[in-house]
Amino acid sequence: MIINVDDNPAARYIRTRALGKAGYEVHEASTCAEALETVKLLHPDLVLLDVNLPDGNGIEVCRQIKSNRDSAGTIVLQISAQAISAPQAAAALNSGADSYLTEPVDSEVLVATVRALIRMHQAEKELEETNRALRRSNDDLEQFAYIASHELQEPLRDVSAHSQLLEMRLKDRLDSEEKLILQTIVKGAQRMSTLIRDVLAYSSEVRRTGELNPVPLQASLDLALANLAESIRESGARIEAGPLPVICGESMPLEQVFRNLIGNAIKYRRPGGPLEIQIAAEPAGPDYWIISIRDNGMGIPIQYQERIFSLFKRLHGREIPGTGIGLAVCRRIIESHGGRIWVESEELQGSKFLFTLRSAAAC
Ligand code: ADP
């Protein structure tokens, strides 16, 4: 339905007739007050709004329609007088009008413009609805993953603990085949609990809605290095870290990013040579920093460099333990900070993981 607002009866009549002929239900108003009242009462799809009205300005009427929650979704097509069209057209669009036409308005152009605007609006509404439905189903799925992994933990702990107990108690009574069967059960339970722990970490990350504050990245790195102290010592890794900035973020998740990336550099090192890891930061424009973690390990073939950030994607088999969740967690964290993460690498030449974070000043 359309409301046609114009104080000039002849102009109003011509437009109502053209739109009526095109199949639209049209109601009329001739003043600002009448226009606002009719919009409130009839909830039209579109308001055709003349700028010059006897009791005020159509641009102000448009502003009121668009600022009211009940009518904000109504399309406003403003019609400005030719003599002062440019400033009026700009003012109309600035006050929220969806489009404008300048006098004299050709009836065919009017009908085509109305059709196009309604079509666009319809498409926008459908897109919004689809987005809402997608967000809802995504939330449901994420909640499901969280609850499922949470609930699975307890029975799995029972399986794990009791199979280990059985292994200990029956140690001397089982033949070698039976021992192997039991070992497979114990290993399977252990692997499953690692998987569940990581899925839980991933879905907790989704549920996090922390506030971003200025955070010294050095503190997050120090904590990550302390947590990795044992594997750093065992691998003999040499770690060099340049000065790190204060950025806009949350310190615990960023510690997790460092822990996952440095942990991977250690896990996927090249056997034989000494492992070297370099951590650095450089500004990328006034608002961002690029943080990099470079290793001289196995490297990642180019065709996998995007895919490894997806859930459960692994390039290495069981010989190196892992769940394929660590990089997906990193991506979640960095994206929730408004940043981006990627890798540059050549097979057997090492990898450089890079991510952007907003500077503290942009917080
Ligand atoms: P996980 O280490 O548990 O398998 P990630 O999500 O952390 O899972 O990593 C996904 C895959 O990316 C790994 O299985 C490994 O194949 C590859 N990868 C990650 N980091 C490196 C690295 N620094 N060097 C070589 N390969 C890596």
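Comparison of TYR268, TYR202 shows that the only residue that is within 15 Å of GLY322 (Cβ to Cβ), surrounded by 14 or more Cβ atoms within 10 Å (Cβ to Cβ) and touching an Asp or Glu at 6+ places or on another chain (Cβ under 8 Å) is TYR268. Has the stretch 279-300 got any residue that is within 11 Å of the ligand (Cβ to nearest atom), of a type outside the set (Lys, Arg) and not in a loop (DSSP other than H, G, I, E, B)? Looking for residues that are within 11 Å of the ligand (Cβ to nearest atom), of a type outside the set (Lys, Arg) and not in a loop (DSSP other than H, G, I, E, B), one finds at least one in the stretch 279-300, hence yes. Selection of the stretch 303-319 for residues being out of contact with any Lys or Arg (no Cβ under 7 Å at 6 or more places or on another chain) and either exposed (fewer than 14 other Cβ atoms within 10 Å of the Cβ) or free of Cβ contacts under 8 Å to residues at least 12 places away in the same chain (or both) yields GLN303, TYR304, GLU306, SER310, PHE312, ARG314, HIS316, GLY317, ARG318, GLU319. For the stretch 9-62, a tally of residues being part of a helix (DSSP H, G or I), of a type in the set (Gly, Ala, Ser) and surrounded by 14 or more Cβ atoms within 10 Å (Cβ to Cβ) returns 5.
Quick one: would you say SER359 is closer than 23 Å to GLU282 by Cα, touching a residue at least 12 places away in the same chain (Cβ under 8 Å) and touching a Lys or Arg at 6+ places or on another chain (Cβ under 8 Å)? No; evaluated as a whole, the condition is false for this residue.
Of all residues in the stretch 236-259, those satisfying the criterion of being closer than 16 Å to LEU212 by Cα and β-branched (Val, Ile, Thr) are VAL246, ILE247, VAL257. Contact map, the stretch 320-341: first residue at pLDDT 95 or above, second residue crowded, with 17+ Cβ neighbours inside 10 Å and among the basic types (Lys, Arg), Cβ cut-off under 6 Å, separation 6 or more or different chains; pairs are ILE341/ARG331.
Within the stretch 307-345, the set of residues being over 17 Å from GLU255 (Cβ atoms), part of a strand (DSSP E or B) and more than 11 Å from the ligand (Cβ to nearest atom) comprises TRP342, GLU344.
Applying the set (1) surrounded by fewer than 19 Cβ atoms within 10 Å (Cβ to Cβ); (2) touching a residue at least 12 places away in the same chain (Cβ under 8 Å); (3) not hydroxyl-bearing (Ser, Thr, Tyr); (4) not in a helix (DSSP H, G or I) to ARG69 leaves exactly one unmet item: (2). Of all residues in the stretch 253-278 being charged (D, E, K, R) and without any contact (Cβ under 8 Å) to a residue 40 or more places away in the chain, which is farthest from the ligand (Cβ to nearest atom)? The qualifying residue farthest from the ligand (Cβ to nearest atom) is GLU255. When LEU311, LEU354, LEU348 are checked against the criterion of being over 22 Å from VAL199 (Cβ atoms), within 26 Å of the chain's Cα centre (by Cα) and among the aliphatic types (A, V, I, L, M), a single residue qualifies: LEU354.
Of all the numbered requirements in (1) surrounded by 13 or more Cβ atoms within 10 Å (Cβ to Cβ); (2) within 37 Å of the chain's Cα centre (by Cα); (3) part of a helix (DSSP H, G or I), LYS187 misses one, and that requirement is (1).
The values are calculated or read from the model by the stated rules, or taken from the named source; none is laboratory data. Fair warning: this is a prediction, and the values are worked out from it, not measured in the lab. FYI the Cβ positions are ideal-geometry reconstructions off the backbone, even for glycines, and counts take in every protein chain you see.
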